[in-house]
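Working notes for the structure below.
The values are calculated or read from the model by the stated rules, or taken from the named source; none is laboratory data. These figures come from a predicted structure and were not determined experimentally. Ideal geometry is used to build each Cβ from the backbone, glycine not excepted, and the neighbour counts take in all protein chains shown. All accessible areas refer to the heavy atoms of the entire protein, side chains included, with ligands and DNA or RNA removed. Shrake-Rupley method; radii C 1.70, N 1.55, O 1.52, S 1.80 Å.
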Amino acid sequence: MSEWLESAITRAQGINDWLAPKRAYALELLSTTKWPTRKTEAWRYTPLRAVERTQAKVIDAVVNLSPVAIADFAAIELVFVNGKLDESQLAKALPKGLSVTLGRDLEKAQQAHALKTFSTVKPERHLFGLINDALAQDVVVVTVADGADVAEPLRISSLLSQGAESHTRVQVTLGAGSRLAVIEDIQAQGETLSTAFVEYHVESNARLEHYRFALQTGTNVSIGGSHFNLHDRAKMHSTIVGFGSDLSRLDTDIIHAGEFADAKLNAMYLLDGKELFDLHATVEHAMPNGTTEENVRCIAADRSRAVFNGRIHIHRDAQKTLAELNNRNLLMSNTAEINTKPELEIYADDVRCAHGATVAQIDKQALYYLQTRGVSRSKAQVMLNFGFINELIDLMPNAALAEWVRPIIRERFSQMEVK
């Protein structure tokens, strides 16, 4: 066990609140969990040295930070600053059918239900998910009433100042036949460490539109997860956009717990320098007639390292499943590294499933051709690379978010040199 983990356990043991039973269980599991090494399959390509050497600490002082503005985009703002919720947001009027409450402020019956469902979507195998279970305090519970159609998106922003450590947790439940869009947004300054986990219970015939923007770079250590439980005929459409940092790790789990559930996951990440980004995506088809479409694209430049592990598990009773996984990667240098591992594990005999992965290099002849036509090297790189990613941006349901992220990605491309 590492010194950092021992310190985290010690801190968690001093917390006593409504989550005490769940925290105690997480601590019990952590006490017998080995710190991952290169021999640990889930962390084989992702060393945890950045966690072990971090100087980030919990900051109690009030820090004034605001989420980055998005043009032509209005949202219900839920803001964490250095792991603490800005409770002034809870005093604002909310659309009919939407409830946003701190777990400790729930009525007893509601609190008992929240406690019962807490950490039931996120699998126990996630080490840092258990750490988040143990250290998260301002747990927010979001509930959409049956049949409610919430037009305005909910934006969950986790903001960190220099040297801050944070552990944020949100539980979202979409009632039967309801609709909601959620944006998870992490913004960090300087050296920070954060774990940010959100669990989604999507009831029958509900519709979830989901985004996760992990655009922090530099010396940030960011480890988190988005986890989804889909019931009968539930639909979700998720988009992940990420940049690399000292350590960026994201785990996504989608559980088809009902028949005819439909899941779409599009992810793109862009890495430069010595950055690392690790995406682990697991889909559990536990019921019949489910569909999953998963598209993951990565571009790695300089000496960066990308990791993707995509697993689709078709259970024995999940007949008539349709599942596709496509991972495409582009190397911009001879020293960049991409480790991809798509997996299909099928126990049903009446399914249609496919998976594939490709790793290619940028066409240097095409780059040279554009330069000979008067196009600068940086602009030529953007032109050649942008189409690789733009296809997934075009699939984003929210046009304002797509237009906001396009120039950010263009700027990122212009900084990534072909070597």
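Of the solvent-accessible surface of the chain, computed with a 1.4 Å probe and all protein chains present, 49% belongs to carbon and sulfur.
Think of each Lys and Arg Cβ as +1 and each Asp and Glu Cβ as -1; about the Cα centre, that makes the dipole of the stretch 120-279 roughly 180 debye. The calculated P(r) of the stretch 1-155, using every Cα pair and 5 Å bins from 0, goes 1, 7, 14, 16, 18, 16, 13, 9, 5, 1, 0 in percent.
The accessible-area ordering, largest first, of the residues HIS256, HIS355 stands as HIS355, HIS256, per a 1.4 angstrom probe.
For the stretch 271-280, putting each phi into the Karplus relation 6.51 cos²θ - 1.76 cosθ + 1.60 with θ = phi - 60° gives couplings of 10, 9, x, 9, 5, 9, 9, 10, 10, 10 Hz, in residue order, rounded to whole numbers and with x for Gly and Pro.
With contributions of -39500 (n - 2.57) from each DSSP H run of at least four residues, the per-residue ellipticity at 222 nm computed over the chain stands at -6500 deg cm²/dmol. Other residues with beta-carbon under 11 Å from the beta-carbon of ILE346 carry, at +1 per Lys or Arg and -1 per Asp or Glu, a net charge of -2. How many angstrom lie between the Cα centre of the stretch 219-253 and the Cα centre of the stretch 3-45? Answer, in whole Å: 20. Around the Cα centre of the chain, unit charges on the Cβ atoms of Lys, Arg, Asp and Glu (plus for the first two, minus for the last two) sum to a dipole of about 920 debye. Largest mean-square fluctuation among GLN137, GLN187, GLN371, in a Gaussian network model of the chain whose springs join Cα atoms under 10 Å apart, belongs to GLN371. The Cα center of the stretch 300-377 and the Cα center of the stretch 179-194 differ in position by 25 Å.
I'd like the antiparallel share, as a percent to the nearest 5, of DSSP beta bridges with both residues in the chain. Could the numbers behind the result be given before it?
Values: 8 of 142 bridges.
Bridges in the chain that DSSP calls antiparallel: roughly 5 percent.
Taking amide H atoms as placed 1.01 Å from N in the peptide plane, the amide H of PHE118 has no partner under 5 Å among residues 5 or more positions away or on other chains.
Per residue Cα convex hull volume for the stretch 305-419, in cubic angstrom?
Values: hull volume 14.9 nm³, N = 115.
Per-residue hull volume (Cα only) is 130 Å³.
Provide HIS315, HIS210 ordered by accessible surface of protein heavy atoms (probe 1.4 Å), highest first. Mind dumping the intermediate values first?
Values: HIS315 60, HIS210 0 Å².
Correct descending sequence by accessible area is HIS315, HIS210.
Positive end of the dipole of the chain (Cβ unit charges, origin at the Cα centre): among VAL241, TYR211, VAL144, the Cα lying farthest that way belongs to VAL241. Entry note: the stretch 3-44 has Rg to Rh equal to 1.07, where both radii use alpha-carbon atoms and Rh is the Kirkwood radius. Determine the shape class of the stretch 274-363: with a ≥ b ≥ c the square roots of the Cα gyration tensor eigenvalues, call it rounded for a/c under 1.5, and otherwise prolate if a/b is greater than b/c, oblate otherwise. Taking the square roots of the gyration eigenvalues as a ≥ b ≥ c, the stretch 274-363 is prolate. Heavy-atom accessible surface of the stretch 176-327, averaged per residue, reaches 24 Å², computed with a 1.4 Å probe. Based on every Cα atom in the stretch 234-311, Rg and the maximum pairwise Cα distance Dmax equal 14.2, 45 Å. Who wins for biggest fluctuation among LEU106, LEU160, LEU135 in a Gaussian network model of the chain, springs between alpha carbons below 10 Å? Most flexible of the set in this elastic network: LEU106. Near GLY218: Cβ cut-off under 12 Å, other residues only, Lys/Arg at +1 and Asp/Glu at -1. The net charge is -3. Across the chain, C-alpha contacts under 8 Å between residues 6 or more apart give a mean separation that, scaled by the residue count, equals a relative contact order of 10 percent. For the chain, the residue among LEU384, THR117, PHE128 whose Cα projects farthest onto the positive side of the dipole built from Cβ charges is LEU384. With bins 5 Å wide beginning at 0, the percent of Cα pairs of the stretch 214-274 falling in each bin runs 5, 16, 24, 17, 13, 10, 8, 5, 2.
Can you give me the orientation-averaged projected area of the convex hull built on the Cα atoms of the chain, in nm²? Let's see the in-between values first.
Values: hull surface 80.7 nm².
With the hull built on Cα positions only, its mean projection is 20.2 nm².
Using θ = phi - 60° in the Karplus curve 6.51 cos²θ - 1.76 cosθ + 1.60, the 3J(HN,Hα) couplings for the stretch 108-115 round to 4, 5, 5, 5, 5, 5, 4, 5 Hz; x is entered for Gly and Pro.
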